[in-house]
Amino acid sequence: MGDQKTDLYFVFMNFDSEYERLRADRSMEGKEKLDAYLSNKHDQLLEKLLEPNTYKKKSSLAIVDGFSVEITPEQATTVRSAKEVRVVEKNQELH
């Protein structure tokens, strides 16, 4: 699988009441808790769905409960089918 071409995808999650609760806390501590919660949540989803060392998570996006990840088109299909996921979109470069 190491030879397959990967692209950057953005993954947006379904409604999560814990995310909404944490996002409401605008303090620095609240921001840190939200960032840690999302990073862990996104990592766990990827670990559950994909083989280790076949993807590279780039960042978690606190403002939208999403993340960016370098994966193959086949992996994008797998992630797209997860019940926790709302949308998976391939990054579109503007020229």
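Values in this text are rule-based calculations from the coordinates and carry no lab data. These figures come from a predicted structure and were not determined experimentally. Neighbour counts are summed over all protein chains in view; Cβ atoms, including those assigned to glycine, are modelled from backbone coordinates with ideal geometry.
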Subject >> the chain, relative contact order [Cα under 8 Å, separation at least 6], % >> reply: 45
Original post:
Hey, what do the phi angles of region 6-14 turn into as Karplus ³J(HN,Hα) couplings, whole Hz, using 6.51/-1.76/1.60 and θ = phi - 60°, x for Gly and Pro?
Top reply: 9, 10, 7, 10, 10, 10, 10, 8, 6
**OP:** Please list the non-local residues whose amide H lies under 5 Å from the amide H of SER59, H modeled 1.01 Å from N, same-chain partners needing a gap of 5 or more.
**Re:** SER68
Original post:
lysines near LYS90 by alpha-carbon distance under 24 Å, same-chain residues fewer than 8 away left out - which ones?
Top reply: LYS5, LYS41, LYS48, LYS56, LYS57, LYS58
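Based on Cβ point charges of +1 for Lys and Arg and -1 for Asp and Glu, what charge dipole magnitude is obtained for the chain about its Cα centre, in debye rounded to the nearest 20?
Numbers: 15 positive and 18 negative charges, 30 e Å.
Once rounded to the nearest 20, the dipole reads 140 debye.
Using helices alone, I'd like the mean residue ellipticity at 222 nm for the chain: each DSSP H run of four-plus residues gives -39500 (n - 2.57), total over residue count, nearest 500.
Working: 3 runs with 38 residues, N = 95.
Estimated from H runs of four or more residues: -12500 deg cm²/dmol.
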**OP:** Classify region 12-83 as rounded, prolate or oblate from the Cα gyration tensor: take a ≥ b ≥ c as the square roots of its eigenvalues, call it rounded if a/c is under 1.5, otherwise prolate when a/b beats b/c and oblate if not.
**Re:** prolate
Original post:
Check THR6: other-chain or 5+ apart residues with amide H under 5 Å from its amide H, H built from backbone geometry?
Top reply: none
